[in-house]
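These notes concern the structure reproduced below.
The values are calculated or read from the model by the stated rules, or taken from the named source; none is laboratory data. Keep in mind the model is a prediction, meaning the values are calculated, not measured. For neighbour counting, all protein chains shown are included, and Cβ atoms are generated from backbone atoms with ideal geometry for every residue, glycine included.
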Amino acid sequence: MNNSQVAHLWANASRESAKGSNFYFEGEKIFSYGPHFPLAIRKTLKSNGKLVILARPDTYSPSTSRHKLYVWRAIGHLDTYSLNVDLWESVESEETLQNALAIQEKRNAENAEHAKEEKRARAKALRDRKKAEKLRESPTYFDEWRSGGALPAMAWEAPTALRLVGDKIETSKGASVPAKAARRLWPFLRAAKESGQRLTRPAFKWGDYTGAHLSYRGELIVGCHTIPFAELARMAETLGI
């Protein structure tokens with residue numbers, strides 16, 4: 001399984017475990033290379049039932065940095081907190097989460113270089129988002145990728161695109177579902193869009209992914225993916241449905 005798919009399955013809690021290339025998860029934790037280097041953990045707070053992601057802020061090597069990037073791309077829709085691994089087990093409730101965050105904040109303040117890196121990262125993310133807004137106006141932006149080429153720059157910040165590869169539909173964010181899943185879902189999505197109403201069911205399953213739903217604009221939202229209805233219609237045409 002490709003590493004991007006592993007990250008998405010973990011974030012969506014679709015399976016108990018899955019393995020990619022030196023990247024895997026077991027239960028709530030996802031690892032780079034082995035149990036000695038957990039990257040993040042899913043936690044449900046006992047005080048309010050809220051699902052949160054605790055992700056380690058440090059890295060170890062370029063390959064582990066790539067694994068960490070897969071994780072962050074897959075958890076964009078979830079409440080995520082950067083915490084050192086030794087603080088994870090202390091988080092059981094909203095109160096203990098805030099205590100751990102206070103400890104982490106103190107540690108970060110003592111590390112000036114870390115603070116500078118965070119500032120640069122936030123500035124870059126802001127620039128990327130601004131560039132992505134401009135990309136929304138370009139309908140041909142993903143044409144090369146749909147034809148089998150590499151992803152263009154800024155793909156992760158742009159609206160999610162789809163392409164057909166064999167019997168699977170791939171997303172521009174690195175996940176995939178069987179084409180047959182789209183064939184079953186399309187009549188339902190089209191009817192909901194044409195009626196101008198939100199889906200009566202709160203959530204449904206799409207391939208391996210649960211919790212999918214249709215927004216009031218007709219977008220299909222699955223985890224960190226927001227797929228415009230026009231893109232869904234384009235894929236339906238590709239599939240001949």
Matching residues in the range 25-50 - criterion: being touching a residue at least 24 places away in the same chain (Cβ under 8 Å) and closer than 19 Å to Val6 by Cα:
Ile30, Ser32, Tyr33, Phe37, Pro38, Leu39, Ala40, Ile41, Arg42, Lys43
For the range 208-228, give me each residue that is closer than 16 Å to Ser172 by Cβ and of a type outside the set (Ser, Thr, Tyr).
Glu219, Leu220, Ile221, Val222, Gly223, Cys224, His225, Ile227, Pro228
Regarding the range 77-86, can at least one residue be identified that is free of Cβ contacts under 8 Å to residues at least 24 places away in the same chain and in the same structural domain as Thr59 (by TED's automatic domain parsing)?
yes
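From the list Val6, Val52, Val71, Val91, pick out the single residue that is more than 27 Å from Asp128 (Cβ to Cβ) and in contact with a strand residue (DSSP E or B) (Cβ under 7 Å, 6 or more places away or on another chain).
Exactly one residue qualifies, and that residue is Val91.
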Please go through the range 112-161 and give me each residue that is at pLDDT 75 or above, surrounded by 12 or more Cβ atoms within 10 Å (Cβ to Cβ) and over 22 Å from Thr226 (Cα atoms), ordered by number.
Glu117, Glu118
Any strands (runs of 3 or more DSSP E) falling wholly within the range 159-237 and containing at least 3 residues that are within 25 Å of Leu69 (Cα to Cα)
162-165, 168-171, 176-178, 209-214, 220-222, 225-227
Candidates Ser47, Ser63, filtered to the one that is surrounded by fewer than 16 Cβ atoms within 10 Å (Cβ to Cβ) and more than 24 Å from the chain's Cα centre (by Cα):
Ser47
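Could you pull out the residue among Asp86, Asp79 that is modelled with pLDDT of 95 or more and among the charged types (D, E, K, R)?
Selected residue: Asp86, the only one of Asp86, Asp79 that is modelled with pLDDT of 95 or more and among the charged types (D, E, K, R).
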